[in-house]
Amino acid sequence: MSDPGARSADLVILGGGSGGYACALRAAELGLSVILVEKDKLGGTCLHRGCIPTKALLHAAEVADHARDGAQVGIRSTFDGVDMAGVNAYKDGVVSRLYKGLQGLVASRGITVVPGAGILEGPGTVRVGDERITGRHVVLATGSYARSLPGLELDDRIVTSDAAISLDEAPRRVVVLGGGVIGVEFASVWRSFGAEVTIVEALPRLVPNEDEFCSTQLARAFRRRRITARTGVRFAKATRSGDLVTVSLESGEEIEADLLLVAVGRGPNTTGHGFAEAGVAMDGGFVTVDERLRTNLDGVYAVGDVTPGLQLAHRGFAHGIFVAEDVAGLAPRPVTDDGIPRVTYCDPEVASVGLTEQAARDLHGEVHTLTYDLAGNGKSQILQTSGAVKLVARGPAGQGGRVLGVHMVGSRIGELVGEAQLVYNWEALPTDVAALIHAHPTQSEALGEAHLALAGRPLHTHG
């Protein structure tokens, strides 16, 4: 039974990361009272250890590449090295400004922030230290953590992404264990900073959750950048000797490096918060939810990385907004992972929405595809990027079936994924998009040209 003297609210939210604070802001906007429990800083992993600081590093890497390659466009620039103190100051400044803005935003909405680790004691009851807080609804939004591997001891030379964002100096030789999103982004940064980089991925290809087309394009681009990718090989062990890390593979190969980044994915942060003890249904550490993000406990929801599926900050935002609106009685449409845009911010970028070709075949049977090379796109030529746009459409070629997937590779191509998600989520036909006018010269024309070709009306396309 809840304590009659405890603080209470319509919504009690455990975790102030992407999902938690978005839920809090939207709920307060809808007139609900909100108590937000956060043991660290508002903004969570995304703002302080993930999305924002890593993309700041990637921008610094882009500047380094431009300085190094200025002569290619007639600019007499030189690359004299990386001042990591300066890079970190730039990165931390971006994070600090966004953090202050978020604090002000939360305060302006009248949201009560309770510092500390929240423990779920049962439906409607949360404990923070010695205090019990009650709510009509509780939202579990405790996020995720950087996974490691059994027997792999982390230190200053064997690190996860948490430490990799704040290195005191740029490494000279790096092994990246894991060829997923986090691994290829850091590989891209460090190569731009001048490091020798080797990626070790147990699965047969880089970014294995993307369409195989994207993996092939990225592997080709990384070879041109002299980033070594060892795919289809398994890690055996890492041995530390002074400042040297020797990475051993099951194939018998050994790779020496100054730094080993362990980028083997992120796990749900669900232990230590009382979820299982309170009776929340779990599967593999993740909280089990229905399509409306309800757990098996009455009035208890879960959002973001603690639920199975894509681990993306904007998925957390969408989940949090959905729950706030559901609690407020607005009956919002459930969030589905296929319709969420995905971007990997390495150079070149990988961006996609909808189904891969294989997933589309498994779900719909016959599909057809169209690939448009960025060599035919004026802005991409100006940017000196290679890459392509691949469309997956339902049914046989020539039948005008709806677009089931959009997959893109190229510098800055992530900026196109906003239009791509409209194509997918509004169930557009190729002729619908072909009728739109895209500004010239922009990379968005590549999407338009691809849909023109898919609709049987190719313009800047041979054949």
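The values are calculated or read from the model by the stated rules, or taken from the named source; none is laboratory data. The structure displayed is predicted, hence computed values, not measured ones. Cβ coordinates were reconstructed from backbone atoms using ideal geometry, including for glycine residues, and neighbour counts include every protein chain displayed. Areas reflect the complete protein model, heavy atoms only, side chains present, ligands, DNA and RNA absent. Shrake-Rupley method; radii C 1.70, N 1.55, O 1.52, S 1.80 Å.
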Of the cross-linked pairs LYS55/LYS91; LYS91/LYS379; LYS41/LYS100; LYS41/LYS91, which ones have a Cα-Cα span greater than 19 Å in the structure shown?
LYS91/LYS379
Compute the distribution of all C-alpha to C-alpha distances in region 164-245, in bins of 5 Å from 0, and list the percent of pairs in each, rounded to whole numbers.
3, 14, 26, 25, 17, 10, 3, 1, 0
Calculated P(r) of region 73-190 - Cα pairs past 18 Å, %:
72 percent
Can you sort SER33, SER144 by solvent-accessible area, 1.4 Å probe, largest first?
SER33, SER144
Note down the nm distance, to one decimal, between modelled labels 7 Å out along Cα→Cβ at ASP283 and at THR231.
2.9 nm
Kirkwood Rh in Å, taken over the chain so that all alpha-carbon pairs contribute
23.8 Å
Rounded accessible area per residue of region 312-463, 1.4 Å, Å²:
44 Å²
Pseudo-spin-label distance VAL63 to GLU153, built 7 Å along Cα→Cβ, given in nm, is 3.8 nm
Ignoring solvent entirely, what values of log10 I(q)/I(0) come out of the Debye formula for region 133-272 at 0.19, 0.20 Å⁻¹ when each Cα is a single scatterer?
-1.11, -1.22
Once Rh for region 419-462 is found with the Kirkwood sum over Cα pairs, what is the Stokes-Einstein diffusion coefficient at 4 °C and 1.567 mPa s, in µm²/s?
124 µm²/s
Just to confirm the filter: which GluC sites (Glu not before Pro) across region 295-392 are DSSP coil and have at most 15 other Cβ within 10 angstrom of their Cβ?
GLU366
Can you work out D for region 201-297 in µm² s⁻¹ from Stokes-Einstein, where Rh is the Kirkwood radius over C-alpha pairs, the temperature is 37 °C and the viscosity is 0.692 mPa s?
192 µm²/s
In the calculated pair distance distribution of region 305-392, what percentage of Cα-Cα distances lie above 18 Å?
61 percent
Considering region 297-345, what Rg and Dmax in Å follow from its alpha-carbon atoms?
11.6, 39
Just to verify a number: FRET efficiency for GLU256 and THR442, C-beta to C-beta distance, R0 = 45 Å, to 0.05?
0.50
From the C-alpha coordinates alone, can you work out the Kirkwood hydrodynamic radius of region 230-279, in Å?
13.7 Å
What is the chain's relative contact order, in percent, from Cα pairs under 8 angstrom and six or more apart in sequence?
15 percent
For the chain, which cysteines have no second Cys with its Cβ under 4.7 Å from theirs?
CYS23, CYS214, CYS346
Return, for the Cα atoms of region 239-347, the radius of gyration and Dmax in Å, separated by a comma.
19.6, 60
